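To start, the structure under review is shown below, and the notes come after it.
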Amino acid sequence: MSASQVQALGIQTAAAEPASNVAGQAYPAEIRVPPANETVLAAPVDGMIQQVRVAEGETVTQGQPVASLLSSGLVTLQSDYLETLATHRVAAQALERDRSLAAEGIIAERRLNETRGAYNQSDARLSALRQSLSLAGMSDAALDKLDQTRRIDPVLDLVAPQDGTVMEQMITAGERVNAASALMRISALDTLWLEVRLPVERLADVQPGDRVIVMDNGIQAEVILTGSRIDPDDQTVMIRARVEAVDGRLRPGQFLRVRLEGADQSDLLRVPGDAVVRQGNGFFVFVATEDGFDAVAVERLGEADGLLTIRVSDTSEQSRLSAGDEVAVDGVAAIKGAWQGMGGDE
């Protein structure tokens, strides 16, 4: 194609530029809490919420009382425990007495074995009830106090299971709850996940260790996982990145824009979107030469602000495209028609 033909057809060109010279494609992302950082506080026994001591959004520490529960079931457990404790103490005294009598030959060995068996049974039941009270939320200190004072307390302090922030409060004072009912969700926010929806054609350019940049504030995250499932609705793949110590600048549930920085962008170029045409199952750009234009096969990797990020396809062995080369952006249809007329089929 001669220069006069180019002019007559109104063909215009623009220079391809390196991808590093532009901000890059923006992708939507959502902030999530890693599952290992979330804990749900559940009611250990049936009862009524007597008091709620913290509110949603507050920071709590492990072991901090966050609510109190009034429970008749707890009263029953403590009553059974104290009754068994009294029986166990009598069994312990009987065992000690029979040991002395057996040592003096006053009673038979069989009598001592029966006494020892009764003691072991009471000890096992006492341990089981103590474990039940522990599972119901009573601390070792509270159990020791119950042993000493024998005073039953119907109110149970519910404590935070970990350091973190109260993300969801599911109870109010006066509400009745069943055992295992979820009361609060507490999350540690020192580490968060960025989950990015990435077009499938960009998947090959992302790998663990690459950086993800939050466009609004420059916070950096590190890619830790590429999803194994393609969303059939929009043909995207989930990319997960980890970000740490953000000091409240990112919050769970927040939607934002991010861009990806691969480990190597030296072979990526940006061209106007009109420069790329489809032929069969591939994409091409027309690179200006002294004799006209050469068709160069490329891969589309993303688009932003009318610019396409591309990479020269491995199938383009004869013609190459470099930063600074002029590519056709207007009159591309005329060039494509001439190209097809010289042996290309639609």
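Listed values, structure above:
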| quantity | calculated |
| --- | --- |
| Accessible-area composition of the chain, carbon plus sulfur, in percent [1.4 Å probe] | 46 percent |
| Expected 222 nm ellipticity per residue - DSSP helices of 4 or more, -39500 (n - 2.57), all of the chain, to 500 | -8000 deg cm²/dmol |
| Helical segments meeting 30 Å axial Cα length and Kyte-Doolittle -0.5 threshold in the chain (DSSP H) | 72-103 |
| Calculated from backbone phi, Karplus (6.51, -1.76, 1.60) coupling profile of region 159-169 in Hz, x at Gly/Pro | 10, 5, x, 7, 5, x, 10, 6, 8, 8, 10 |
| With eigenvalues of the C-alpha gyration tensor scaled by 5 and rooted, region 153-244, Å | 40, 17, 11 |
| Percent of Cα pairs exceeding the 34 Å cut-off, where the set is the chain | 57 percent |
| Nonlocal amide H pairs with Gln254, under 5 Å, H built at 1.01 Å | Ile31 |
| Surface per residue (accessible, 1.4 Å probe) for region 36-136, Å² | 56 Å² |
| Per residue accessible area in Å² of region 146-256, where ligands, DNA and RNA are left out and the probe is 1.4 Å | 54 Å² |
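The values are calculated or read from the model by the stated rules, or taken from the named source; none is laboratory data. Note that the structure is predicted; figures quoted are calculated from it, not measured. Accessible surface is based on the protein model in full, side chains and every heavy atom, while ligands, DNA and RNA are left aside. Shrake-Rupley method; radii C 1.70, N 1.55, O 1.52, S 1.80 Å.
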